[in-house]
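Asks: Take a look at this one; I'll ask things after.
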Amino acid sequence: MSQSGYRRISPEGGASILRVLFAALIALAVGTPASASPPASGVRRRPTIRYFIATAYSVEGTGASGKWSHPGAVAADRKVLPLNSRIRVYGAGRYSGDYTVEDTGGKVDGHHIDVYMPSQAEAIKFGHQRVKVVVLKYGDDEASPPDPRQKAEAKAEDRDVRAKASTAPKK
């Protein structure tokens, strides 16, 4: 024993302790999977929040996903938001809410979304806004064949929205 009360370890004994610690560290590293992320079942991941420039469009037709344009649909860059992604938009006034990415566009590039609106006047009034987008679920980027029933429902919804807009009192 030394004067401090601690036992002195010889160089040979210290080396064997280091070898054991090193071997334990290697065993731990080998036994741990490369992706040490928690299991997907029952674990909630934090949603992705991004800022986008939002504009509006009012052109009816079949979008890139195969669905007819309708309120609740947006166009986005497939590299940023794949088709069929579910998003929540904040900061767009009465147009804030949940949307599905169902279309792409020639001028929709990067962090830019294009919100579908049934009337051209609404789309022009919406203008160009900076909005916060929360990605609820990334889509599969798959297009589906056109569905005649969905097209008929979307057209009926568009007619209803336009009828309400034309009968609403002017401000």
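The values are calculated or read from the model by the stated rules, or taken from the named source; none is laboratory data. If you're wondering where the values come from, they're calculated on a predicted model, not measured in any experiment. All Cβ positions, glycine included, derive from the backbone under ideal geometry; neighbour counts span all protein chains shown.
Asks: Please find, within region 77-105, the residue that is nearest to Ile124 (Cα to Cα) out of those that are part of a loop (DSSP other than H, G, I, E, B) and without any contact (Cβ under 8 Å) to a residue 40 or more places away in the chain.
Replies: Ala92
Asks: Might you let me know whether region 140-151 holds any residue that is touching a Ser or Thr at 6+ places or on another chain (Cβ under 8 Å) and under 15 Å from Pro71 (Cβ atoms)?
Replies: Yes, because at least one residue in region 140-151 is touching a Ser or Thr at 6+ places or on another chain (Cβ under 8 Å) and under 15 Å from Pro71 (Cβ atoms).
Asks: Which of the numbered conditions does Pro146 fail, given that it passes all the others? Conditions: (1) free of Cβ contacts under 8 Å to residues at least 60 places away in the same chain; (2) within 16 Å of Gly61 (Cβ to Cβ).
Replies: Failed condition: (1).
Asks: Exactly one condition in (1) outside any helix (DSSP H, G or I); (2) under 25 Å from Arg50 (Cα atoms); (3) touching a residue at least 12 places away in the same chain (Cβ under 8 Å) is not met by Ala123; state its number.
Replies: Just one mismatch for Ala123, condition (1).
Asks: So in region 53-65, with the set limited to residues that are among the hydroxyl-bearing types (Ser, Thr, Tyr) and assigned to a strand (DSSP E or B), which one is farthest from Ala165 (Cα to Cα)?
Replies: Filtering first and then ranking leaves Thr62.
Asks: Within the bounds of region 113-132, is there any residue that is of a type in the set (Phe, Trp, Tyr) and either at positive phi or surrounded by 17 or more Cβ atoms within 10 Å (Cβ to Cβ) (or both)? Full working, then the answer.
Replies: Going residue by residue through region 113-132, those that are of a type in the set (Phe, Trp, Tyr) are 116, 126.
When the remaining residues are screened for being either at positive phi or surrounded by 17 or more Cβ atoms within 10 Å (Cβ to Cβ) (or both), the result is 116, 126.
Yes, region 113-132 has at least one match.
Asks: Give the residues of region 133-171 that are loosely packed, with under 13 Cβ neighbours inside 10 Å and among the small types (Gly, Ala, Ser), sorted by residue number. Walk me through it before giving the result.
Replies: First, the residues of region 133-171 that are loosely packed, with under 13 Cβ neighbours inside 10 Å: 137, 140, 142, 144-145, 148-149, 152, 156, 159-160, 163-164, 166-171.
Once the filter is applied, which keeps residues that are loosely packed, with under 13 Cβ neighbours inside 10 Å and among the small types (Gly, Ala, Ser), region 133-171 yields Ser144, Ala152, Ala156, Ala163, Ser166, Ala168.
Asks: Can you work out which of the residues in region 97-112 that are closer than 24 Å to Arg162 by Cα and among the small types (Gly, Ala, Ser) is surrounded by the fewest Cβ atoms within 10 Å (Cβ to Cβ)?
Replies: Result: Gly97.
Asks: Which ones in region 66-76 are assigned to a loop (DSSP other than H, G, I, E, B) and either basic (Lys, Arg) or surrounded by 21 or more Cβ atoms within 10 Å (Cβ to Cβ) (or both)?
Replies: Answer for region 66-76, where residues must be assigned to a loop (DSSP other than H, G, I, E, B) and either basic (Lys, Arg) or surrounded by 21 or more Cβ atoms within 10 Å (Cβ to Cβ) (or both): Lys67, Ser69, His70.
Asks: Right, here's the next one. Out of the residues in region 87-113 meeting the condition of being charged (D, E, K, R) and at pLDDT 95 or above, tell me which one is farthest from the chain's Cα centre (by Cα).
Replies: That would be Asp98.
Asks: Cβ-Cβ below 7 Å, separation at least six or inter-chain, first residue in region 46-72 and under 27 Å from Pro145 (Cα atoms), second assigned to a strand (DSSP E or B) and polar (S, T, N, Q): which pairs?
Replies: Qualifying pairs under 7 Å: Trp68/Thr62; Gly72/Thr100.
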